[in-house]
Structures are given as C-alpha cells and as structure tokens.
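Written below as structure tokens is the structure these notes are about.
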Amino acid sequence: MKNEAPPSALHRRLRQATKSSHHVLDHHPVLAPLVRPDLSVDQYSNALDALHGIHTDTEAAILTFLDQHPGLFDYRARRKLPALEADLAVLGRTPVLLAAHVPVPQSVAELVGILYTIEGASQGGQVIARVLREGPLANVPTAFFRGYGPLSRQRWDEFLEFADAQCSGDEQEVAAASAVSTFEAIRCYLDAYCDHFGIQ
C-alpha cells in the first residue's frame, strides 16, 4: 500500500487555522444530527437544504473568478449543486434560499482558501455517507455526501497539489484567512437557517 505523503506547510497552516471553525460546524444544530443514530428524515432534509443554499452562492463566486482566469483550475467537474438538487428532489423538498454572504475571491490565494473549505467538506462527506448507509436511514439519497465516490481521494490530492503550486510565503496566510472567512460565512448561513425554521 502506498504511503501518504506528509502534509505540506500550506496544508498544515490551513488545517491549523480552521481547526476551531471546523469544530463549530461539526456541532452545529443543522449538521450535528447527520452522524447521530436518531437522525430523522426531516433533519437530513434540513441539512441538505441548508447546504444547498451555501453552495448556490459559493459555487457562483468560485466559477465567476475562474471564468476570469481560464485554465487555472477545473471546478465545473467538481460542482456539488447538481447532487444536492437531485437528493432534495428525491426527498420531495423544494430548496429555500436565504441571503448568503460568502467570500468572493479576489486573488488565487483567496480562491485556494475557499476551495480548501468546500473540497475538504467533500472528504468529510464520505464519512457521513458511510454512517448513513449503516443507520436507520440507509435508503435516503446520498449523492451529495458520496461526493466523487472512488475518485474522492484523487480529487483531494489534485486540489492540494494545485494549492501548493499557487501559494507560497505570505500567500499562505491569505489562503488561511480566506478559509476561516468561508467557515464563518457557512456558520452564519446555518445560524440564519436555524432562525428561519426555528431549529434549536
């Protein structure tokens, strides 16, 4: 079995910078039920609905920046919205879009920070998909959480290679700040979603 390479300096910096933000999201009332044995269909639908709102604006910001920098990074094949919309359709849920104030990248380093958050979540989605398969809601649609399926690790490694090639020196701090801002924007959206639906 091939040994994994140790994390790069950039990867370590991003991971360290977002550690507490990641913890907050893992325990957020919208997302925390996803790994609990008493997860309900309504809770699952709420999580997908909230994530749909986040990805709607985040993907638009990413693609707008990349359209201005042709050939920089292929994100269209990584879009999560189609999978979210497919899962919500199976669940009979019409997405609710609240105002999202997600970071809009102004530089490649800022783009790296945003992508780190979004692509990293796809890695975590693999864990959630596995928990769902083994739980009482084994038959719910999981296209979003399955992410890239067997290509997930490869896609993550490709992103990290891209990030390392684009960020050095002070740009690592810019990427880290962008990642933290993205986590914070997601938390704010989830909070607003809870307020809108009375979720505690």
Name the single residue that is nearest to residue 108 (Cα to Cα) among those in segment 29-46 being open to solvent by 10 Å² or more (accessible area, probe 1.4 Å) and not in a helix (DSSP H, G or I). 31
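Does any residue of segment 36-49 turn out to be of a type in the set (D, E, K, R) and at pLDDT 95 or above? If you could, list the steps in order and put the result at the bottom.
To start, the set of residues in segment 36-49 that are of a type in the set (D, E, K, R) comprises 36, 38, 42, 49.
Narrowing further to those that are at pLDDT 95 or above: 42, 49.
Among the residues of segment 36-49, at least one is of a type in the set (D, E, K, R) and at pLDDT 95 or above, which makes the answer yes.
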Tell me, which helices (runs of 4 or more DSSP H) lie completely within segment 116-200 with 3 or more residues that are among the hydroxyl-bearing types (Ser, Thr, Tyr) and under 18 Å from the mean Cα position of the chain (by Cα)? 170-197
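Residue by residue, here is whether (1) of a type in the set (Lys, Arg); (2) crowded, with 16+ Cβ neighbours inside 10 Å; (3) part of a helix (DSSP H, G or I) holds:
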| site | (1), (2), (3) |
| --- | --- |
| 48 | no, yes, yes |
| 61 | no, yes, yes |
| 71 | no, no, no |
| 82 | no, no, yes |
| 93 | yes, yes, no |
| 101 | no, no, no |
| 104 | no, no, no |
Which pairs have Cβ atoms under 6 Å, sit 6 or more apart or on different chains, and link a residue in segment 107-133 that is under 15 Å from residue 149 (Cβ atoms) and open to solvent by 10 Å² or more (accessible area, probe 1.4 Å) to one that is aliphatic (A, V, I, L, M) and in a helix (DSSP H, G or I)? 128/34
When residue 16 is run through (1) assigned to a helix (DSSP H, G or I); (2) closer than 22 Å to residue 83 by Cα, the failure sits at (2)
Considering (1) touching a Phe, Trp or Tyr at 6+ places or on another chain (Cβ under 6 Å); (2) surrounded by fewer than 19 Cβ atoms within 10 Å (Cβ to Cβ); (3) of a type outside the set (Ser, Thr, Tyr); (4) without any contact (Cβ under 8 Å) to a residue 60 or more places away in the chain, say which one residue 139 fails and leave the rest. (1)
Within the set of pairs 6+ apart or on separate chains, which have a first residue in segment 47-72 that is farther than 13 Å from residue 97 by Cα, a second that is among the basic types (Lys, Arg) and crowded, with 18+ Cβ neighbours inside 10 Å, and C-beta atoms under 8 Å apart? 59/80
Sort out which residues of segment 1-35 are among the β-branched types (Val, Ile, Thr) and at pLDDT 95 or above, and write them in order of number. 18, 24, 30
Within segment 16-26, is even one residue open to solvent by 30 Å² or more (accessible area, probe 1.4 Å), farther than 22 Å from residue 158 by Cβ and of a type in the set (D, E, K, R)? yes
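The values are calculated or read from the model by the stated rules, or taken from the named source; none is laboratory data. Everything quoted here is computed from the prediction, not taken from an experiment. No Cβ is skipped: glycine too gets one built from the backbone with ideal geometry, and neighbour counts run over all protein chains shown. Note: accessible area is taken over every heavy atom of the protein model, side chains too, but ligands, DNA and RNA are not part of it. Shrake-Rupley method; radii C 1.70, N 1.55, O 1.52, S 1.80 Å.
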